[in-house]
1. Could you tell me the relative contact order of chain A? Use alpha-carbon pairs under 8 Å, at least six residues apart, and round to a whole percent.
2. How big is the protein assembly as shown on each of its three principal axes, counting only the C-alpha atoms and giving the largest first in Å?
3. Charges at C-beta only: +1 for Lys and Arg, -1 for Asp and Glu. How large is the resulting dipole of the protein assembly as shown about its Cα centre, in Debye rounded to 20?
4. Which percent of Cα-Cα pairs in the range A:292-394 sits in each 10 Å bin, short to long?
5. Select from the range B:191-290 those GluC sites (Glu not before Pro) which occupy a DSSP coil region and have at most 11 other Cβ atoms within 10 Å, ordered by residue number.
6. How long are the three semi-axes of the equivalent ellipsoid for the range A:48-129, computed from the Cα gyration tensor as the root of 5 times each eigenvalue, in whole Å, largest first?
7. Keeping all protein chains in position, work out how much accessible area A:F202 exposes to a 1.4 Å probe, and write it in Å² to the nearest 10.
8. Name the residue, out of B:G431, B:G108, B:G230, whose mean-square fluctuation peaks in a Gaussian network model built on chain B with Cα pairs under 10 Å.
Amino acid sequence: MLRPVRRFNGLFWILVTCFLTVLPFGAWAEETVEFKKNQSGLYKDIFDQNIYYEFTHYLNLDYLCRALFMKKVRAQNVNCYDEVPDSTFFTNRHGRKKLSLAELESGHRETPGPDLGANLTIVDGKFEGVHPGFFVLDRRGDKYLLKFDPVDYIEQATSSEVIGSRFYHAIGYNVPQYDIIVFDASKLVIGENATIVDDSGFRRKLTPEKLEEYLLFIPQDSEGRYRASASKILNGVNKGSFSFYGRRKNDPNDRVDHRNRREIRALQVFSSWISNYDIRESNTLDMLEVDENGNSVLRHYLIDFNTSLGAGTSDGKPPMTTHEYLLDYGEAIKAFLTLGWWEKPWQKRWREVGEKVPQPPAVGYFDNRYFDPGRFKVQLPHHPLKDLTRADGFWAAKIIMAFSDEDIKAMVGAGKLTDPKDSAYLVDALKERRHLIAKYWFDQANPLDAFDLKGNILSFNDLAIEYGFQPGQGSVYNADVFQKNGEGIKKLTTLKAQEPAIDLKNWLTENGVVELLIRTTRPGSAKQSPSVRIQVSLKGIERIIHED
Amino acid sequence: MNFHLKLLKVAIGSIIFCLGAGVVAWAQDLTYDRYAALLEENPESSTAKKIASHFLVYPFELVKWPVDQTLLYIEKHYLEKKVEWIYDKIQEQGIKPSGTIVSLGGLGGGLEVDFVRLTRLREHYPDLTTRGWYQWTNDVNMEVGSELGLQRIGETGFRTIGNFKYSNRPEEHFYGIGPDTSAGEGTSYRMESTDLETLFGYNWGPSLSADAKFGYHNVNITNGEDGGRGIIDTVFRPQTISGLAGDELIDLKLELQRDTRNRSENSTKGGLAKFVWSYYEGVDNSKARYFKYEAEMSRFLRLGADRRVLAFRLYGEHNDEIGDRYVPFHQMAKLGGYGAYPRLSRTLRGFDFNRFFDESSALMNLEYRYTIWEYRDFKLDSIVFWDEGQVFGEFSDFQFKDFRESYGLGFRVSLANVVLLTAVVAHGDEGTNLYVKTGAPF
């Protein structure tokens, strides 16, 4: 071998070795820094999610194999009953125990809201994101971020923000406290060192003239007052946003790769309910807080819901959002190959309303025409949300079905829309959407829930029947019964039941675990549903697994 | 007593059971706590396995980090807002910078100064136009010019404008004259021209206008800079190419234009019709004397929706020498290339620019444009096109078999219907061309 070739080969392998060893150590070294602030922003999110991961995702051999064999990865933060235990990401709220209407309307609460009995002192201007606003201090010394509606669309963004926060909170996510406030311009006073980043992008001292100029672009109600959503700045230390990938290895409460957390995947379903397309890493927040025992806890929040429901960035929800990603390669390729003659669902929906938002400005573009729960898209193609399995979807759908019509009405009420017709419209649309989502995900899975063993009877609820998606009679539950013997497993029999209860008296033994694989057939269809796997012993239910 | 004790035990037991059940289960009274923190053990993959499955991604991680940091820096310091604000402020002063992409290596830029704005006189003289510009594109051209005039005289539809322009094109291609020239005989020349022109026109409303122009043009032709190409007067016999030594020309031009397009770029309806008649006379040593006739018609047809547009353009040009005088080759009809400024030849995308020269040309461009992606004001259009064109001398030389066709497809990114970038692949019988450019040819 020639000397230069030998030299090149040597150099090449040294580089490869360095590359493979230094990188993991580099990553490890970074993680040992305690709760380093994780910075994110819209542009970074767009690049990472819409460009980088879209192309490098399939270079990861693990994911490539899963994609080729269409193998779904089961969520890893579920317990043996296929539920998500409480964590610093998620607390089972309405799905576990119904919140009162007052609790639903109130949402997460630390204070009664900004104290409007005295002036609000502007301490900073906020231009991050698409809805600019002010940071203010009230008389009590609590700090809030005030965000406003776009001109001509009073109530749209502010109500969407508050209503969105109520839904996510009741579902179980951590959200800051949001309130609608209405105040006179005279309530706003400029703090001594208040600055604002104005349209120029330069930070300047906030002067009365600047404030007056700024207020010109904020809509006023019929009495000349300003309406804002006020989110209370959380107590604790801001540690930036959390990533939808990986985990903070130095956080003892963060033990599962976020990509495999069910509640993160299920943001896909919950966001489809309230049409919140702006789910991204930069709309999350990690706060280092002190818990009731005096321990430091890193809690993970969702923030910014002002593009929920019919709201968009400046003038209502753009028609393509929720149907397409910001850069949607698949949809673009379909349009390219069909020479533009294939009408995308959003184009059809938009054409049918004459390319004008048919709902009032306070509501924006929100209805259920062509709403397909399986095709809803948030703004960016987050792979964790794409990893959503049938079991994850079913879990989310049953939480959604826990909300009654009155519950929805209470949460929409928090948006304080002036016209009762606007509130009624949103409530009706959300009710209808709730059913569309639940029906879709119940159809995807075997919607059996609340398994229990009393004596020898394994009982359960068929949620599709309970919520009226299937007729009360005619469903058949086919259970293959297996016996676990040490490491092996043996099929014992197949049981059929017309009612949601299975008698196991011949199969439960003193020291064995019986496993049932239950599939459901519906009246008029020979097709069997996906399975639910239940492990039972005389001690009771040991494990429940809905098929992914 | 025993009975009472038993009853008490049962009652206490029931209360404890109910309380317990109430805590652990909702509604269904389950016998277990379904939300218990009984997580299954999911051991993480080993580092070796992670590296093995991830090793193809590592090189890209090296790109991701700096890009992420740059984007965070831009957002954190509002750099995009600052740039936009600075650009707007400069424009408010009457100064308009611009950038051009002619090819992957042909980047350019320019500056236009509106002196009326610069001197804050726009309010007093809304119709006065006094501007100067400088435009440079690598290897393509350098142009400097100025303009003075009135876009509207009084309250009438009349307007008058005079302009001066100097341009230097270092690498204009030339393959000979006529439809049967060889692609292998490519040469290049440098063309320096100085133009003085005055215009007097009338507008009948926004769509119809007529202009009369009188101009002086000084054209110098020297050897081109394009390395590897033959020098024009060694490949071709100089006496067969009229105007090889350059020309001084004066011209009188009459132009009638009807423009019903809804936008100057990315139009979805209407069209443009333009007829030009010119008389050119060589002065000083130039023996040129000829008439030039040009006709152009384009139409934009919306096919059921704005996202589908069929665009076509017809163009014809004839230069007719008078007596024993000639038409200089540099003023002849030219076909080839993408066909947009700063090039001078008309759109025949499967061929090199300036590929065909002759006294006359006939050209048809057909484009099907359709939107494949849009987000707010951003749009990505795909285009499929077919160009058909030929050059010829006299009308009697016109033959259908001389038509040369090219076809291809491409993509255009636009913002608020201003084309930001075009990428087009075109194929003709002399090969395939890739264009990456700003702007659309029509």
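1. Numbers: 1008 pairs, mean separation 82.2, N = 548.
Taking the mean separation of contacting Cα pairs over the length of chain A, I get 15 percent.
2. In descending order, the Cα extents are 140, 77, 65 Å.
3. Details: 122 positive and 136 negative charges, 628 e Å.
In total the dipole reaches around 3020 debye.
4. Pairs per bin, as whole percents: 12, 35, 31, 14, 5, 2, 0.
5. On the way: sites: B:E192, B:E197, B:E225, B:E248, B:E255, B:E265, B:E281; in loops: B:E225, B:E265.
Qualifying residues, ordered by number: none.
6. Numbers: eigenvalues 335, 137, 16 Å².
Equivalent ellipsoid of the range A:48-129: 41, 26, 9 Å, largest first.
7. My reading of the accessible area for A:F202 is about 70 Å².
8. Per the Cα network of chain B with a 10 Å cutoff, B:G431 tops the list.
The values are calculated or read from the model by the stated rules, or taken from the named source; none is laboratory data. Please read these numbers as outputs of a predicted model, since none were measured by experiment. With ideal geometry, Cβ positions are generated from the backbone for all residues, glycine too; neighbour counts draw on all protein chains shown. When the accessible area is computed, the model is the full protein with side chains, heavy atoms only, and any ligands, DNA or RNA have been set aside. Shrake-Rupley method; radii C 1.70, N 1.55, O 1.52, S 1.80 Å.
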